[in-house]
Amino acid sequence: MMTIATAGENPFFKPFATPHGTAPFNEIKIEHYEPAFEKAMVEHQAEIDRIASNPDAATFANTIEAIEYSGEMMSRVSSVFFNLLGSESNDEMMEISQRLSPRLSEHSNNINLNEDLFKRVKAVYDNRHTAGLTQEQIRLTEKYYEGFENSGATLTAKGKEQYRTLSMELSKATLDFGQNNLRETNAYEMLLTDEADLAGLPESLTDAAAAKAKAKGKEGWLFDLSAPSYIGFMKYSSRRDLRQKLYMANATKGVKDGPFDNRENVCKIATLRLQIANLLGYKSYSDYVLKNRMAKNAAGVFGLLDRLADAFGDVARDEVAAVAAYASEAEGKPVEIQPWDWSFYADKLKDNRYGVNDEMTRPYFELENVKKGVFGLATELYGLQFV
């Protein structure tokens, strides 16, 4: 059930009073999100309605620029919620996203399929080259027009209803897919209790694994599918069987029977994407999403991949052969390189050939040193000062 928060309590109800407008994460609570989204949608819709019903002739300022500056509160709450949902989520946030998903899809469709609003956007678009606009204003106008066009604004009334239905179903299937993937990633644990199983692992990695186990009230070393744990284990562990175990856990996410099975969602997403693309006049979803990108269409992507394969194929095959030869020499017997072997033996070969490994450079990338380097570079290049 949604908890109502007053303006004085909910930090999203007003612009963030922080340096550079950063989110005050220490003030944000789980119960703030839903009221903030609901209020943001109401405010945003009111702004859009005022733009769409403006009796004055459509101009860049009263239409395109007005749309650009609308939805400030929506941007404020969305940027925080969805970034956290994708990186540091929990069951409560996932439940909120499930409740909000249909409302947010409906809100987006109400804007993109607003006929009066699109008429004004089209009027500015049609006169963009004769209205004295700057190149930046022309590009922003084109961006909005193309965005409306790709969101069903030029469809018939029947087509618009189809688009509404398909886009809402796609939003739900995509959300389900992402949450299943995240839940399975978070659920997997490989707990090692024998120190011999840590062979090859650097102290920094085993310390982190021990801390992770301790935080969960367990004895031993806990490895999971989070990037630092997974990548580190695959690169350094000399236990091939454990590398295989961890690799397979990661590679088979979503394709096993159980609560995180994503196979049906994948089929739904592929089907709905194709239906939306066809509805909008595209042969494939690839052609739809690539229209305004460098590749332009699926043929452009495959052409680039073919050129890359021709340019780097021989080099890549030579690298694979070199890693396989090194692995066989190191093990004293022929080794057929498997996916769970590549990072381990490639790193060993690099160390053997050049005497360089990540542990040697780690002290130089301590957090404070990295911050100094990044901020110092920003100061040197752009004159920005950080206090």
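Each reported figure results from applying straightforward, stated rules to the coordinates on display, with no laboratory input. It should be emphasised that the depicted structure is a prediction, and the values quoted were computed from it without experimental measurement. Neighbour counts are summed over all protein chains in view; Cβ atoms, including those assigned to glycine, are modelled from backbone coordinates with ideal geometry.
Scalar couplings 3J(HN,Hα) for region 128-138, obtained by applying the Karplus form with A = 6.51, B = -1.76, C = 1.60 to θ = phi - 60°, are 5, 8, 10, 9, x, 7, 6, 4, 5, 5, 4 Hz; x denotes Gly and Pro.
One entry in (1) 1.37; (2) 1.24; (3) 1.09 is Cα Rg over 2.2 N^0.38 Å calculated from the shown coordinates; its label is (2). Packing-based ranking of 300-310, 227-237 yields 227-237, 300-310, ordered from highest to lowest mean Cβ neighbour count within 10 Å. Here's how it looks for A153: its modeled amide H is under 5 Å from none belonging to a residue 5 or more places away or on a different chain. In terms of Cα atoms, the Rg and Dmax of region 227-322 work out to 19.3, 53 Å. The alpha carbon convex hull volume per residue for region 11-154 rounds to 130 Å³. Sites listed here are chymotrypsin sites (Phe, Trp or Tyr not before Pro) in region 124-159 whose DSSP assignment is loop and whose Cβ has at most 14 other Cβ atoms within 10 Å, and the list is empty. Mean separation of Cα pairs under 8 Å and 6 or more residues apart, divided by the residue count, gives region 1-126 a relative contact order of 30 percent. Less than 5 angstrom separates the built amide H of F16 from none of the residues sequence-distant by 5 or more or on a different chain. Remark: region 247-257, residue by residue, has Karplus-estimated 3J(HN,Hα) of 4, 5, 4, 6, 6, 9, 4, x, 10, 10, 4 Hz, where x stands for each Gly or Pro and the curve is 6.51 cos²θ - 1.76 cosθ + 1.60 at θ = phi - 60°.
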